[in-house]
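The values are calculated or read from the model by the stated rules, or taken from the named source; none is laboratory data. Computed from a predicted structure; not experimentally measured. Every residue, glycine as well, gets a Cβ built from its backbone with ideal geometry; the counts of neighbours run over all protein chains shown.
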Amino acid sequence: MSTRISTLGFHTTAAQQMDTLNAQIAQTQQELSTGLKLQSAADDPAGIAQVNQLDAQISASKQWQSNGTALNSNLTLEEQSLTDATNVMQSARDLAIQANNASLTPAQRQDIATQLSQLQQQLVAAANSTDVNGAYLFGGEASSTQPFAQSGTTVSFNGTTSVSQVQISSNQRISSSDSGYNVFMNIPGGNGTFTTGVGAANTGSGSIDTGTVVNAAQWVPDTYTITFSTPASYTVTNSGGTTVTSGTYTSPGTIAFDGISTTVSGTPAAGDTFTVAPAGKSSAFNTISNLITALNNPSLSSAQISSQVGTSLEQIDSAISNFNVVQASVGARINAVSAANTTATSQQTTMAASVSGIQNVDYAQATTQLSAQELALQAAQESYASIAKLSLFTYVQ
């Protein structure tokens with residue numbers, strides 16, 4: 001059986017084939033000129049969807065990097081402010097040791113108190129540090145409000161204890177700062193367990209150290225009074241007036257009870273008292289303030305000054321220790337931001353390569369394809385031209 005192809009059918013089929021080849025050539029030329037093999041969703045719906053998803057992931061990753069860059073800047077500023085605060089407290093410590101000298105006159109102690117007042121102002125300035133946008137580093141979530149206000153030697157906190165969290169990767173959020181309350185205000189007093197003090201009416205030369213915890217399990221938080229009935233004997237009573245222990249005293253003498261011990265030095269007078277009370281919390285500002293008050297009081301004895309200095313030194317060390325803990329946390333967060341940034345850069349490179357592989361033209365392959373398409377069109381055109389000449393009239397002579 002033979003197949004007959006009409007002249008009209010032949011011309012229509014040939015034209016369609018050449019139109020298709022022309023369209024393919026035009027598509028390849030456009031890909032070469034734009035560098036993209038996906039011009040629309042119709043070219044590869046699944047590929048376009050994948051590219052859109054990867055682009056969204058790259059955009060999010062870059063935003064997290066931007067968050068990290070801003071966060072790193074703020075954390076670096078906070079780290080410097082903590083260093084400044086530590087230096088202030090170290091200077092205050094040096095002055096406290098200098099003040100603990102029985103040969104100093106009241107005027108000399110007041111001069112040291114003046115220097116401490118200046119240090120307290122410097123500490124407030126460090127606590128009110130701001131970032132490049134003027135936001136307060138230690139204000140917590142109230143970063144637009146100055147966190148610390150000073151009136152005389154009293155410093156109050158006006159920020160919040162909560163801080164903002166910043167996302168630096170798809171599954172990682174870290175604190176953008178530290179609340180000034182936790183950094184400067186909420187510092188364990190005394191030795192962290194209890195504080196000691198000298199009775200305001202004492203007339204002897206006895207002083208008391210900050211004490212130590214011997215057995216924490218035996219410690220009963222309460223306010224205890226050590227009363228010397230004579231310079232050589234004492235009685236310890238609790239807040240209810242019950243005798244806890246008693247004994248004889250020779251300077252320096254250790255007084256131990258309820259899992260703690262403290263040392264009294266010097267010569268207490270009959271009726272002199274010392275106190276031991278739960279530590280509670282104090283602020284770095286109050287630590288300096290209490291020392292200023294003591295040094296400005298000319299009626300305090302050398303023993304009372306010595307006891308106050310000992311307490312202040314313990315609290316200064318606690319403040320410095322707290323600053324160091326916070327600074328270590330800041331350093332860890334800076335490292336976390338750096339690590340997240342490195343990971344994000346690597347992931348972005350991988351995702352960008354995937355996008356390129358899906359939508360970008362392989363120029364060598366496209367150029368070869370264009371040549372083949374042009375040859376195919378040329379062949380089709382020549383074939384059409386040759387066949388189109390064939391007719392029965394060609395053979396009629």
(request) Can you confirm whether the stretch 215-232 contains a residue that is in contact with a Ser or Thr (Cβ under 7 Å, 6 or more places away or on another chain) and without any contact (Cβ under 8 Å) to a residue 24 or more places away in the chain? (result) yes
(message) Condition check: within 30 Å of Gln150 (Cβ to Cβ), touching a residue at least 12 places away in the same chain (Cβ under 8 Å), under 39 Å from the mean Cα position of the chain (by Cα) and not in a helix (DSSP H, G or I). Does Ala319 satisfy that?
(response) no
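Condition check ((1) out of contact with any strand residue (DSSP E or B) (no Cβ under 6 Å at 6 or more places or on another chain); (2) at pLDDT 95 or above; (3) in the same structural domain as Ala319 (by TED's automatic domain parsing)) across all residues:
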{"residue": "Thr227", "(1), (2), (3)": "no, yes, no"}
{"residue": "Asn238", "(1), (2), (3)": "no, yes, no"}
{"residue": "Val244", "(1), (2), (3)": "no, yes, no"}
{"residue": "Phe257", "(1), (2), (3)": "no, yes, no"}
{"residue": "Gly266", "(1), (2), (3)": "no, no, no"}
{"residue": "Asn290", "(1), (2), (3)": "yes, no, yes"}
{"residue": "Asn297", "(1), (2), (3)": "yes, no, yes"}
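Here is a check on your reading of the model: is Phe274 assigned to a helix (DSSP H, G or I), aromatic (Phe, Trp, Tyr) and buried (at least 16 other Cβ atoms within 10 Å of the Cβ)?
Values: assigned to a helix (DSSP H, G or I): no; aromatic (Phe, Trp, Tyr): yes; buried (at least 16 other Cβ atoms within 10 Å of the Cβ): yes.
Judged against the criteria, Phe274 is not a match.
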(message) Six or more apart or on different chains, Cβ atoms under 6 Å: show the pairs whose first residue is in the stretch 173-188 and in a loop (DSSP other than H, G, I, E, B) and whose second is among the basic types (Lys, Arg).
(response) Asn186/Lys281
(request) Among residues belonging to the stretch 118-134 that are at pLDDT 95 or above and of a type in the set (A, V, I, L, M, F, W, C), point out the one that is farthest from Gly180 (Cα to Cα). (result) Leu119
(request) Of the numbered conditions (1) over 15 Å from the mean Cα position of the chain (by Cα); (2) buried (at least 22 other Cβ atoms within 10 Å of the Cβ); (3) of a type in the set (S, T, N, Q), Ser143 fails exactly one; give the number of that condition. (result) (1)
(request) Only one of these is in the same structural domain as Ser312 (by TED's automatic domain parsing) and exposed (fewer than 14 other Cβ atoms within 10 Å of the Cβ): Asn72, Asn100, Asn133. Name it. (result) Asn133
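Here are Thr227, Thr287: which of them is part of a helix (DSSP H, G or I) and among the β-branched types (Val, Ile, Thr)?
Values: Thr227 fails: part of a helix (DSSP H, G or I).
Only one candidate qualifies: Thr287.
Picking from Ser301, Ser265, Ser239, which residue would you name as being free of Cβ contacts under 8 Å to residues at least 24 places away in the same chain, on the phi < 0 side of the Ramachandran plot, surrounded by fewer than 21 Cβ atoms within 10 Å (Cβ to Cβ) and touching a Ser or Thr at 6+ places or on another chain (Cβ under 9 Å)? Please lay out each step first, then the result.
On the way: Ser301 fails: free of Cβ contacts under 8 Å to residues at least 24 places away in the same chain; Ser265 fails: free of Cβ contacts under 8 Å to residues at least 24 places away in the same chain.
Being free of Cβ contacts under 8 Å to residues at least 24 places away in the same chain, on the phi < 0 side of the Ramachandran plot, surrounded by fewer than 21 Cβ atoms within 10 Å (Cβ to Cβ) and touching a Ser or Thr at 6+ places or on another chain (Cβ under 9 Å) holds for just one of Ser301, Ser265, Ser239, which is Ser239.
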(message) Considering only residues that are among the aliphatic types (A, V, I, L, M) and in contact with a Leu (Cβ under 9 Å, 6 or more places away or on another chain), which ones fall in the stretch 105-126?
(response) Ile112, Ala113, Leu116, Leu119, Ala126
(request) Would you mind stating whether Thr203 is part of a loop (DSSP other than H, G, I, E, B) and surrounded by fewer than 14 Cβ atoms within 10 Å (Cβ to Cβ)? (result) yes
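Any residue at all in the stretch 207-220 that is under 22 Å from Ala99 (Cβ atoms), among the polar types (S, T, N, Q), in contact with a Leu (Cβ under 9 Å, 6 or more places away or on another chain) and part of a loop (DSSP other than H, G, I, E, B)?
Initially, the stretch 207-220 is screened for residues under 22 Å from Ala99 (Cβ atoms), giving 207-211.
With the extra rule that they be among the polar types (S, T, N, Q), the set shrinks to 207, 210.
Narrowing further to those that are in contact with a Leu (Cβ under 9 Å, 6 or more places away or on another chain): 210.
From what is left, the residues that are part of a loop (DSSP other than H, G, I, E, B) are 210.
Within the stretch 207-220, one or more residues are under 22 Å from Ala99 (Cβ atoms), among the polar types (S, T, N, Q), in contact with a Leu (Cβ under 9 Å, 6 or more places away or on another chain) and part of a loop (DSSP other than H, G, I, E, B).
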(request) Give Gln115, Gln146 a once-over and let me know the one that is at pLDDT 95 or above and either touching a Cys at 6+ places or on another chain (Cβ under 7 Å) or in a loop (DSSP other than H, G, I, E, B) (or both). (result) Gln146
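Let's see how each residue does on (1) in the same structural domain as Gly152 (by TED's automatic domain parsing); (2) at pLDDT 85 or above; (3) touching a Pro at 6+ places or on another chain (Cβ under 7 Å); (4) of a type in the set (Asp, Glu):
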position: Ile305; (1), (2), (3), (4): yes, yes, no, no
position: Thr311; (1), (2), (3), (4): yes, yes, no, no
position: Ile316; (1), (2), (3), (4): yes, yes, no, no
position: Val325; (1), (2), (3), (4): yes, yes, no, no
position: Ala353; (1), (2), (3), (4): yes, no, no, no
position: Thr368; (1), (2), (3), (4): no, no, no, no
position: Tyr395; (1), (2), (3), (4): no, no, no, no
